[in-house]
Structure formats: structure tokens, C-alpha cells
Amino acid sequence: MMQSPAPLTVLGLVALATTAIVCGDTAGKLLTGAGVQPLFVAWSRFALAALLLFWMLGLGPAGLGRLLDWRLILRAALIVGAIASILTALRTEPIANVFGAFFIGPIVAYVLSALLLGESVSWARTVMLALGFAGVLLVVRPGGEMGTGMIFAVLAGTLYGSYLAATRWLTAFYPPPFLLGSQLLIGAVLLLPAGLASIPASTDLRVWVLVIVSSLASAFGNYLLVVVNRTTPATVSAPLIYFQLIAATVIGFLVFGDWPEPLTPLGLAVIFASGVGGLALVPRR
């Protein structure tokens, strides 16, 4: 049985992974802002990464037959839905707000991992997740002010949390490179019709550079999360995903000049505090 890495190692890997994912989504927001359809951005992200990393990720002839495993298809469908939803949300909402709503995901992962995978829970961690959920509500502010973009952000977080739990489930059966490769290839197939129907006519080189950045940054970040989930229970690693908020807020301000509305910084701070609290509860080994 693989030994769980030290908490600071887990923190470093998750921080690097989440920053890479935010960079990929920032490139996606720039693309959709330039008129590129979200479903094309999502499809190109899966297809290009699968093409470039095909052999490295164990997707040779011997591995292709295993892609028909319904569990792999379900997991890939969850991340496809999450990425398509978050790219749709980013078309109309500031990136920090979207990621604030998106952080319902760790709560979903925590609950599903406890209920379906039998992972241990504690009152202290549950309180930290409840605190994080309160922060999400401050960001989302359900009601009259909640636009369509925020609804897609919450949907993205729900699907992503389910994906995290599915990843933890399947790491007992498949190595991390194959899990990443399977989601890329299956995702590319699932999105193929929509992707081909929405290929941009632009000849601007910057558009295609952004397509590459969006794809590779997201693939790298998700690969690191797969590695973390292989040795760390989702009830421990899920709260650390909150560190994505730092990158989302900083990059959103630097790239788009977005500064959250008055209640949003408070919500982001509460979410971040719950993530730090979750890290403090990780048992030393």
C-alpha cells in the first residue's frame, strides 16, 4: 500500500495543479471572449492533450480496449460536463466569482467519498467544509442576483466534485497516467460532434496559441491531482483545492482587471480559511 505523502508535499502539488488549471481556464476565458464557442474550447482541450500525450500516458494498443470500462466513461463524462460548464460560466462572470461558486466541488467530493467509498470523516473536517460552503453562498448569493453564469459555475463544481470522488475510486484499479489519458481520449470522443461543428474560422495565431495553452495547462494540473488522489484520501485532499482561489483572484485581476464585488472577497476569505483549516487537520505520519 502506498504511503501518503507529507501534508506540505500534498499542499505544494495541489497548489501547482490548481494554478495550472486556472491558467488553462484563463486561456479559455480569453478564447470565449474572442467569440470562440465554449464547446470547441472544451473539445480542443481534450483532443489536443490526448494527441500530444497519447503514448506517454499508456494509451497504446494494449490500453485502448480498457477504455470501454463504464467507470472510465462515467468519470470522463463528469469532467467533460464540468469543463464545458465552467467555460460557459466564464463567458459572462469574473473568474474569481466563478471559482468561488465552483468550490462547492470539494464539498460534493467529501460527501460522496464518505458515503460511497467509505472514507473516514470527522466532525472537525465536516465543520471546515460547512464553513467553506458558507463562503460559497456569500460568493454565489442565490436569489435575484444569481445570473445564468453562476448557475453554470455551481453545476461545474458539482460535476467536478463527483469527478474527484470517481478519481479516488478508480486509482485503485488504474495508474494516474492511464486515468488522465482515458479522460482525455474519451472526452475528445464525447465532444467530437460539438467541437467539429464550432471550429473557429479565425486565422489569428494568438487564438491557436491560447488553444494550446488551455489544453496543456489543464492536462498538467489534472494529472497532478490524479497523482495526489492516488495516495491521499479525497476527504483530505478535497479541501486543498480551495487554494485555486488565490490563483483565480490574482490572475483575474492581472489579466482582466476584475475585482470582486464587496461581499465576494469575504466569501473567498471564508472559503480559503476552510481550506487552511482542512490542511491543519491532516494527521502527521
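The values are calculated or read from the model by the stated rules, or taken from the named source; none is laboratory data. In this text, all values refer to a predicted model and were calculated from it rather than measured experimentally. When we count neighbours, we look across all protein chains shown, and the Cβ atoms used for this are built from the backbone with ideal geometry, even at glycine. Ligands, DNA and RNA are excluded from the accessible area calculation, which covers all protein heavy atoms including side chains. Shrake-Rupley method; radii C 1.70, N 1.55, O 1.52, S 1.80 Å.
Give F173, F243 a once-over and let me know the one that is of a type in the set (F, W, Y), modelled with pLDDT of 75 or more and out of contact with any His (no Cβ under 6 Å at 6 or more places or on another chain).
F173
List the number of the failed condition for L129; all other conditions in (1) in contact with a helix residue (DSSP H, G or I) (Cβ under 7 Å, 6 or more places away or on another chain); (2) open to solvent by 40 Å² or more (accessible area, probe 1.4 Å); (3) farther than 30 Å from A50 by Cα; (4) of a type in the set (A, V, I, L, M) hold.
All conditions pass for L129, except number (2).
Yes or no: region 121-128 includes at least one residue that is at pLDDT 80 or above and in contact with a Pro (Cβ under 7 Å, 6 or more places away or on another chain).
Among the residues of region 121-128, at least one is at pLDDT 80 or above and in contact with a Pro (Cβ under 7 Å, 6 or more places away or on another chain), which makes the answer yes.
Cβ-Cβ distance below 9 Å, separation of 6 or more or different chains: which pairs start in region 204-220 with a residue that is closer than 19 Å to G35 by Cβ and end on one that is exposed (fewer than 15 other Cβ atoms within 10 Å of the Cβ)?
Between residues of region 204-220 that are closer than 19 Å to G35 by Cβ and residues that are exposed (fewer than 15 other Cβ atoms within 10 Å of the Cβ), the close pairs are D204/A34; R206/A34; V207/A34; W208/S202; L210/A34.
Looking at region 29-39 only, could you name the residues that are out of contact with any Leu (no Cβ under 8 Å at 6 or more places or on another chain) and not aliphatic (A, V, I, L, M)?
G33, G35, Q37
Please work out which one of (1) under 16 Å from T92 (Cβ atoms); (2) without any contact (Cβ under 8 Å) to a residue 40 or more places away in the chain is the condition V154 fails and give its number.
Among (1) under 16 Å from T92 (Cβ atoms); (2) without any contact (Cβ under 8 Å) to a residue 40 or more places away in the chain, V154 violates only (2).
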